[in-house]
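Single-structure report; data block below.
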Amino acid sequence: MNRLPEDMENALTGSQSSHASLHSFHSINPTQLMARIESYEGREKKGISDVRRTFCLFVTFDLLFVTLLWIIELNVNGGIENTLEKEVVRYDYYSSYFDIFLLAVFRFKVLILAYAVCRVRHWWAIALTTAVTSAFLLAKVILSKLFSQGAFGYVLPIISFILAWIETWFLDFKVLPQEAEEENRLLIVQDASERAALIPGGLSDGQFYSPPESEAGSEEEAEEKQDSEKPLLEL
């Protein structure tokens, strides 16, 4: 017996909430919607997003930092000219650092081409560069004789490995989700503006006004009163 009033209260609450959501939707200002759409479209027209630009800067930092370490290694091991001839002209996989520098150049070219020039919104490019970098560095560390050549035998492979995985994390957890969220917001705002445009002048509060309910039995009492007055009118 007590469930009937509860069901009626739940139905009444649901109708009131739907009425409030409907009223809030129709009370949206189309000018504000258009302003938000223009702001989102302006971000698209100006080029890549801020978070993608930060990613591209980090990729550039990756190349420059590895290049700097390699140049320092060339100076430490007997001068740039002699070491360049030894590592580049007479390249040896087991003792040269030149391939680690080329690996950084490979990452830079692929990632900038994919995410800055072509503006790819997928993880395949970063997956390719990280997989190639990890496989090459693991093989070089296992097979080469870098550890016997001083501190740079540890620093260059470890730094390259860490930077490659930081790039992967940044793209997968920052760039792509944030850009997808911005795109969803734009779609929601555009959809709301299209719905608001279908209503010429919007809806006012008076259109949702419902008159108060009449008291129970008032109509029956009025009919009985009219019936009682009819014989008096005939006399």
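The values are calculated or read from the model by the stated rules, or taken from the named source; none is laboratory data. Not measured: the values here are computed from a predicted model. Because the Cβ atoms are built from the backbone with ideal geometry, glycine has one as well, and the counts that use them run over all protein chains shown. Calculation scope for accessible area: heavy atoms of the full protein, side chains included, ligands and nucleic acids excluded. Shrake-Rupley method; radii C 1.70, N 1.55, O 1.52, S 1.80 Å.
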*Odd one out for Val141, checked against (1) within 36 Å of the chain's Cα centre (by Cα); (2) open to solvent by 40 Å² or more (accessible area, probe 1.4 Å); (3) closer than 18 Å to Leu69 by Cβ; (4) without any contact (Cβ under 8 Å) to a residue 40 or more places away in the chain*: (1)
*What are the pairs, 6+ residues apart or on separate chains, where a residue within region 75-91 that is farther than 14 Å from Leu102 by Cα and open to solvent by less than 90 Å² (accessible area, probe 1.4 Å) has its Cβ under 9 Å from a residue that is in a helix (DSSP H, G or I) and basic (Lys, Arg)?*
Asn77/Lys86; Gly78/Lys86
*Can you tell me which residue within region 149-158, out of those that are aliphatic (A, V, I, L, M) and surrounded by 12 or more Cβ atoms within 10 Å (Cβ to Cβ), is nearest to Phe98 (Cα to Cα)?*
Leu156
*Ala139 versus (1) part of a helix (DSSP H, G or I); (2) under 30 Å from Glu179 (Cα atoms): which is the lone unmet condition?*
(2)
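For Leu146, state whether it is more than 27 Å from the chain's Cα centre (by Cα) and either surrounded by fewer than 18 Cβ atoms within 10 Å (Cβ to Cβ) or of a type in the set (Asp, Glu) (or both).
Working: more than 27 Å from the chain's Cα centre (by Cα): yes; either surrounded by fewer than 18 Cβ atoms within 10 Å (Cβ to Cβ) or of a type in the set (Asp, Glu) (or both): no.
No.
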_Any residue at all in region 120-127 that's open to solvent by less than 30 Å² (accessible area, probe 1.4 Å), under 18 Å from Asp62 (Cα atoms) and part of a helix (DSSP H, G or I)?_
yes
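In region 144-164, how many are in contact with a Phe, Trp or Tyr (Cβ under 8 Å, 6 or more places away or on another chain) and touching a residue at least 24 places away in the same chain (Cβ under 8 Å)?
Qualifying residue count for the region: 7.
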_Subset of region 92-119 (residues that are open to solvent by 30 Å² or more (accessible area, probe 1.4 Å) and assigned to a loop (DSSP other than H, G, I, E, B))_ = Asp92, Tyr93, Tyr94, Ser95, Cys118, Arg119
_Selection count, region 53-74, where residues are closer than 12 Å to Val175 by Cβ and open to solvent by less than 10 Å² (accessible area, probe 1.4 Å)_ = 2
